[in-house]
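Colleague: Here it is, the structure in full.
The values are calculated or read from the model by the stated rules, or taken from the named source; none is laboratory data. Since the model is a prediction, treat every value here as computed from it, not as a measurement. Note that we place each Cβ from the backbone using ideal geometry, even for glycine, and neighbour counts take in every protein chain shown. For accessibility, only protein heavy atoms count, side chains too; no ligands or nucleic acids. Shrake-Rupley method; radii C 1.70, N 1.55, O 1.52, S 1.80 Å.
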Amino acid sequence: MTLPALTRGEQLLAFTDYPNEWTTDRGPEKRRYDIRKIDGEITPADQFFTTQHLGHPQIDGASFRLKVSGLVDRPMELSLDELRGMGETELVAGFECSGNGPGGMQGSVSNGRWSGVPLRTILDKVGVKDNARVVVFFGADSGTEEVEFRGRKYEVEQNYGRSISVEAAMSPEPFVASSMNGAPLTVHQGFPLRVLMPGWYGAPNLKWLANIHVQQEPYLGKYQARWYRTLRGEMIGGEMRWTEAAITRMRTKSIVARVSRKADTVNILGFVLNDGTPLRSVEVKIDDGAWQKASLESGQSKYAWKLFTYEWKGATTGEHTIVSRATDVNGDVQPTREELGGTKKTRLEDNSQHPRTVMIS
Ligand SMILES: Nc1nc2c(c(=O)[nH]1)N[C@H]1C(S)=C(S)[C@@H](COP(=O)(O)O)O[C@H]1N2
Ligand SMILES: [Mo]
């Protein structure tokens, strides 16, 4: 495995596409990850990107209880100790905010080592009733939200909420995480508990989890039904139909993150992230050259981001454009901006190729 850390005598090259005012700071309690600083597979907790809508709730771990309610045989309120006693699973997984893109220099993405209790273990303990279809997660964070209906606006108090199907909830992957990178979750990361949906965008990875509620009908809270969705053209029954769908699984995206030089070799490093679908290749293109195959690391799990590297020999001085594209085993190729624009109207889930510019001096 090629180590992503810089070796002796290796120097970072400057990207010329970062706006002068770009910083990792996104205002109170929000932070981007500076992907030029990737020097290992795991993002350190104090650099892990972070965002939320309704601020940070302060939760006392000792008196905290996770409420499990709705269509279950045995509703429960579980303490952190009780949850810890129910088993532990660990997974290296990355995710990006569905709004991550060139505007924020792809800084709303990170990769961590999470551990916690499988969601299925909790649901088995309370007993999900046969008529249950949906598992809703509510965070402890709340605030006044504006909801628009038929041209009128309404102000309501609500918690951040997200839902998944019972089928997805009972699959082996999702878990309720209590630690990242070997330490309890920070307030930023959702202390004391967050949902970890491996392979899904950030929005469903609900922080400060306070209540798991099981129900039969779809959950239509603002952050499920309105805010996190995409207007997309799909071929359905042989016709192109424009439909809206909730943000769920990550679409394959590769990004050139760091460019460095040692003697006459320019080293290009980037990451690929998706929903766990195995990858066929990652390729790199320099200026108007041909696509060249990059070497791809296997990553620490199916759901971890995969780092890729490409050695560029014979680079000339001046500004150059570098872009990458990933292709999965099904042959799905990461689209260009123009290609993606043909099937997606709204802004979220932008997995288009992102050409970067660097200066070689
Ligand atoms: N309770 C709660 N969970 C939340 C959110 C939120 O506003 N409230 N924001 C979501 C969004 S949009 C993203 S991108 C991720 C960010 O997770 P991070 O701060 O650990 O990077 O948290 C998700 N979980
Ligand atoms: Mo997000």
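Colleague: Across 5 Å bins from 0, what is the distribution of all Cα-Cα pair distances for segment 90-234, in whole percents?
Modeller: 2, 9, 16, 21, 20, 16, 10, 4, 1, 0
Colleague: Out of the total accessible area of the chain (probe 1.4 Å, heavy atoms of protein only), what percent is carbon and sulfur?
Modeller: 48
Colleague: Mind jotting down the distance between the C-alpha centroids of segment 238-268 and segment 11-65, whole Å?
Modeller: Their Cα centres are 19 Å away from one another.
Colleague: Here is a further query. Answer rounded, prolate or oblate for segment 1-42, using the Cα gyration tensor with square roots of eigenvalues a ≥ b ≥ c: rounded when a/c is under 1.5, else prolate when a/b is larger than b/c, else oblate.
Modeller: oblate
Colleague: Could you rank the peptides 150-157, 221-228, 310-317 by their average count of other C-beta atoms within 10 Å per residue, with the highest value first?
Modeller: On the way: 150-157: 7.5, 221-228: 18.9, 310-317: 12.5.
Averaged packing, sorted descending, gives the order 221-228, 310-317, 150-157.
Colleague: State the answer as a single residue: which of Leu66, Gln215, Thr252 lies farthest towards the positive end of the charge dipole of the chain, with beta carbon charges of +1 for Lys and Arg and -1 for Asp and Glu, about the Cα centre.
Modeller: Thr252
Colleague: Hey, if you drop one equal point scatterer on each alpha-carbon of the chain and run the Debye formula without solvent, what base-10 log of I(q)/I(0) do you get at q = 0.12, 0.14 Å⁻¹?
Modeller: Here log10 of I(q) over I(0) equals -0.93, -1.21.
Colleague: A further question follows. Using the reciprocal of the averaged 1/r over all distinct C-alpha pairs, how large is the Kirkwood radius of segment 253-361 in Å?
Modeller: Kirkwood radius, segment 253-361: 14.6 Å.
Colleague: Let me ask something else. In Å², and per residue, what accessible area does segment 205-361 have when probed at 1.4 Å with the other protein chains present?
Modeller: With all protein chains present, segment 205-361 gives 47 Å² per residue.
Colleague: Could you order peptides 341-351, 160-170, 197-207, 103-113 by the average number of other Cβ atoms within 10 Å of their residues, highest first?
Modeller: By packing density, highest mean first, the sequence is 197-207, 103-113, 160-170, 341-351.
Colleague: Another question, then. I'd like the Karplus ³J(HN,Hα) series for segment 221-236: coefficients 6.51, -1.76, 1.60, θ = phi - 60°, whole numbers in Hz, and an x wherever there's a Gly or Pro.
Modeller: These are the phi-based 3J(HN,Hα) values: x, 3, 7, 9, 8, 10, 6, 9, 8, 10, 9, 9, x, 10, 7, 10 Hz.
Colleague: Under the definition of Cα pairs under 8 Å and six or more residues apart, what whole-number percent is the relative contact order of the chain?
Modeller: Reported as a whole number, the value is 18 percent.
Colleague: Given Lys262/Lys285; Lys285/Lys313; Lys253/Lys344; Lys285/Lys345; Lys30/Lys302, which pairs have Cα atoms separated by over 25 Å?
Modeller: Lys285/Lys345; Lys30/Lys302
Colleague: Still on this structure, please answer the following. Take the Cα pairs of segment 209-287, get the Kirkwood Rh, then feed it into Stokes-Einstein at 37 °C and 0.692 mPa s and tell me D in µm²/s. Don't skip to the end; give the middle numbers.
Modeller: Details: Rh = 17.3 Å.
The Stokes-Einstein estimate is 190 µm²/s.
Colleague: Ranked from highest to lowest mean number of other Cβ atoms within 10 Å per residue, what is the order of the peptides 48-55, 285-292, 85-92? Present the calculation step by step, with values, prior to reporting the outcome.
Modeller: Details: 48-55: 18.1, 285-292: 12.6, 85-92: 15.4.
Packing order, densest peptide first, comes out as 48-55, 85-92, 285-292.
Colleague: With point charges of +1 on the Cβ of Lys and Arg and -1 on the Cβ of Asp and Glu, referenced to the Cα centre of the chain, which listed residue (Gly270, Gly190, Tyr154) lies farthest in the positive direction of the dipole?
Modeller: So the residue we want is Tyr154.
Colleague: Charges at C-beta only: +1 for Lys and Arg, -1 for Asp and Glu. How large is the resulting dipole of the chain about its Cα centre, in Debye rounded to 20?
Modeller: Its charge dipole is roughly 200 debye.
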